[in-house]
Amino acid sequence: MAGMREKRDMSAFAAESIAEIRAKVGGKKVLCALSGGVDSSVCALLVHKAVGQQLTSIFVDTGLMRKGEGDEVERVFKEQYGMNFIRVNAEERFLGKLAGVTDPEQKRKIIGEEFIRVFEEEAKKIGAVDFLVQGTIYPDIIESGTDKNKLIKSHHNVGGLPDVIEFEEILEPVRLLYKDEVREVGRSMGMPGFLVDRQPFPGPGLAVRVIGEITKGKLDILRETDYIFRDEVAKAGLAGEIWQYFTVLTGLRSVGVKNGARAYGYVIALRAVTSEDAMTADWFEIPYPVLRGISERISGEVAEVTRVVYDVSGKPPSTIEWE
Ligand code: XMP
């Protein structure tokens, strides 16, 4: 798709957008729900460059993020950029609501609702704002205008916020851009690679990668395995070739041998896919030696894992996420 479009100068776009936001906002207050994803991060930085401390960014840490992610996001926005940044540590709340829940759609619903509730409570402390920032991008507008995509999974981003936050106008600085252009804007402003090159990550986070009931213990196992997978993919120089890659803590347990004794541990699945737009996807052929290294590291370093399998399913029929 990128090849068919006219190439636009994204550093000029950033400068114009910052000037426009500054003129529009004047001396008023702006609120942003910052998820750490590419779109909201780039929007927050544009608005921050335009109006500085008049922008408050709220980052809800759900406890469902990847290893170290919450801290990295906080470090960049709060320390590096000096933003007016609020991190809400809501792990206990989210895990409490999710306790005992196994149905994927139910998980999504709970997380979406809890997110809005947490955000609303935090926003109330700030009081009325004039503008709410949304990281809408061009494909979001096209997709929501058609009914060709039947509901397969209910996707939540921050869609429900406008209903509960008091504000006068929505700011959507990147609404006319495609994803690769949004990344380019971020890069032109010197945003770190881990943010601009971030792979797509589902709103419900790791909740849809722990099959069945979610516990903190399972999430921690998943985070470790996912971290090892990402580290090995990076070391093999494959990160740029894969659309999304992650581990899944399957609901299966399996017998293995650890330190000479019988062990009854978890089965971890590796998922790596290529895609253009996530509507269809193909599994990525990770070279065998790399796969071997990943498997050996995961079962060697994560005590609770006794088996590692590789998912060789395309979309369709299989979705990218397991839940
Ligand atoms: P599936 O699993 O449906 O995923 O093939 C397609 C893309 O969407 C992401 N995904 C989600 N994103 N909320 C989101 O914001 C969700 O509930 C959700 N579920 C899946 C998935 O990671 C992939 O990029």
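The values are calculated or read from the model by the stated rules, or taken from the named source; none is laboratory data. Fair warning: this is a prediction, and the values are worked out from it, not measured in the lab. Here the Cβ is made from the backbone with ideal geometry for all residues, glycine too, and neighbour counts use every protein chain on show. Heads up: the accessible areas ignore ligands, DNA and RNA and are worked out on the full protein's heavy atoms, side chains in. Shrake-Rupley method; radii C 1.70, N 1.55, O 1.52, S 1.80 Å.
Of note:
- With N the number of residues in the chain, Rg(Cα) / (2.2 N^0.38 Å) evaluates to 1.03.
- Extension gain from Arg292 to Lys7, taking 0.36 nm per residue of separation minus the Cα-Cα distance: 98.5 nm
- In summary, the lysines within cross-link reach of Lys97, defined as a Cα separation below 19 angstrom excluding same-chain residues under 8 places away, comprise Lys107, Lys109, Lys216, Lys218.
- Proportion of all alpha-carbon pairs of segment 226-282 beyond 16 Å (%): 57 percent
- DSSP-defined antiparallel bridges as percent of all bridges, the chain, nearest 5: 40 percent
- Given R0 = 25 Å, the distance between the Cβ atoms of Asp180 and Asp231 translates into a calculated FRET efficiency of 0.50.
- Alpha-carbon gyration tensor eigenvalues x 5, square-rooted, for segment 1-148, Å: 28, 22, 15
- If R0 is 56 Å, the Cβ-Cβ spacing of Val312 and Glu168 corresponds to a FRET efficiency of close to 0.65.
- By DSSP, the beta bridges lying fully in segment 228-323 are antiparallel in about 75 percent of cases.
- When all alpha carbon pairs of segment 255-312 are counted in 5 Å bins from zero, the resulting P(r) reads 4, 18, 23, 19, 14, 11, 7, 3, 2, 0 %.
- Surface share of carbon and sulfur [accessible, 1.4 angstrom probe, percent] for segment 209-323: 53 percent
- Sorted largest first, the principal axis extents computed over the alpha-carbon atoms of segment 205-323 equal 45, 31, 21 Å.
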